[in-house]
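The values are calculated or read from the model by the stated rules, or taken from the named source; none is laboratory data. None of the values given here were measured: they were computed from a predicted structure. Methodologically, a virtual Cβ is constructed for each residue, glycine included, from the backbone with ideal geometry; neighbour enumeration extends over all protein chains shown.
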Amino acid sequence: MSPEPASEFRARRRRRWLLLLVLAGLAWGLRGLGAPETVEAGAWRRGANERPLIIAHGGGLRHAPGNTLAALIRAAATGIDVLEFDVQLSADDQLVLMHDLTVDRTTNGTGLVRSLPVAQLQTLNAAAHFMGPAGEAQAPEPIPTLTAVLKHFAPSPLRFVIELKNPGADGALAAQRLAEALRRFELENRVIVCSFHGETLAAFRKASGGVVLTSGAPGEIARVMLLPALGLAGGAFDPAPVAVLQIPVSAGPFGLDGAGFIRRAQALGQAVQYWTINDLVTMERLALAGADGIMTDDVPALRAVLEEQGFTLPDPWVAN
């Protein structure tokens with residue numbers, strides 16, 4: 001079977017996100033549960049005269065194969081604020097960078113990431129199906145371990161958005177391993193952790209002692225977005241433990257990119273980051289609307305938009 005085209009994959013992901021959002025929002029509304037003490041986004045919030053953070057999705061998928069060390073290094077050398085990547089467990093319980101639960105779509109191998117040990121995963125070519133902007137093929141790239149990535153970038157000024165991909169018991173173990181790695185490299189105050197799986201995020205918050213900021217699972221994000229709009233939140237509404245809303249510009253008929261929506265989230269102490277934005281018009285609109293972060297496959301394009309608006313851009317970073 002040929003790899004799924006990226007456009008179809010993203011459309012399927014957006015439809016799944018919308019379904020989860022609506023169902024989870026209804027569930028939260030019916031439950032009417034309270035929330036723990038507010039967790040605020042702090043330095044992830046955009047100041048009055050500042051620009052949105054430049055977040056390299058997978059390291060910038062338009063210019064290099066995503067979730068590879070080569071992509072992350074290229075993005076850092078272009079000039080960004082934040083590296084975004086996905087992690088999941090190998091068969092020998094190590095965290096590796098990979099978006100899909102299988103290696104089929106992005107590598108020359110087949111099978112579940114969870115069923116393959118690191119030694120075998122690193123024999124695969126993570127650039128096997130990647131074509132650059134001009135249609136050029138990429139040199140072979142191994143699947144990197146989380147340890148290798150954090151070791152390389154810990155000396156940098158960069159921040160990180162890390163998505164936990166595993167659900168269930170595997171998600172709990174992955175959460176524990178990620179929390180341990182962030183402590184070991186002293187990166188806890190430079191990371192946002194996210195996941196589509198609520199139980200995985202809950203496990204991470206427990207494993208990290210609540211000191212690492214997180215985005216929300218779909219149910220939590222739905223609660224923050226939909227309940228106030230429906231008048232169901234009440235005067236003491238608390239968005240905790242969601243510090244950062246990481247969302248698309250729309251979910252079905254719901255527009256999520258208005259300046260009013262962004263201001264309401266920020267008034268609750270949250271930051272608002274949008275994924276995955278690759279067209280110049282949307283980049284410009286979100287920057288002007290007050291978005292705290294813009295996640296993109298095309299870092300040079302976002303830099304150009306922000307420079308045109310008069311913002312000072314982040315310096316490139318290259319390891320010594």
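For this structure, a couple of remarks:
- Odd one out for Ile221, checked against (1) modelled with pLDDT under 95; (2) outside any helix (DSSP H, G or I): (2)
- Residues of the stretch 131-146 that are in contact with a strand residue (DSSP E or B) (Cβ under 9 Å, 6 or more places away or on another chain), at pLDDT 95 or above and not in a helix (DSSP H, G or I): Ile143, Pro144, Thr145.
- Enumerated strands (runs of 3 or more DSSP E) restricted to the stretch 242-320, each holding at least 1 residues that are of a type in the set (S, T, N, Q) and closer than 13 Å to Met225 by Cα: 244-247
- Taking each residue of the stretch 265-293 that is farther than 19 Å from Leu61 by Cα and without any contact (Cβ under 8 Å) to a residue 40 or more places away in the chain and looking for partners that are of a type in the set (Gly, Ala, Ser) and outside any loop (DSSP other than H, G, I, E, B) with beta-carbon atoms closer than 6 Å, six or more apart or interchain, yields Val272/Ala265; Ala289/Ala259.
- Odd one out for Val299, checked against (1) out of contact with any Gly (no Cβ under 7 Å at 6 or more places or on another chain); (2) among the hydrophobic types (A, V, I, L, M, F, W, C); (3) at pLDDT 95 or above: (1)
- Answer from Val149, Val161 - the residue that is in a strand (DSSP E or B) and either buried (at least 18 other Cβ atoms within 10 Å of the Cβ) or more than 16 Å from the chain's Cα centre (by Cα) (or both): Val161
- Looking only at residues in the stretch 235-272 that are of a type in the set (Gly, Ala, Ser) and in contact with a helix residue (DSSP H, G or I) (Cβ under 6 Å, 6 or more places away or on another chain), the one that is nearest to Ser208 (Cα to Cα) is Ala271.
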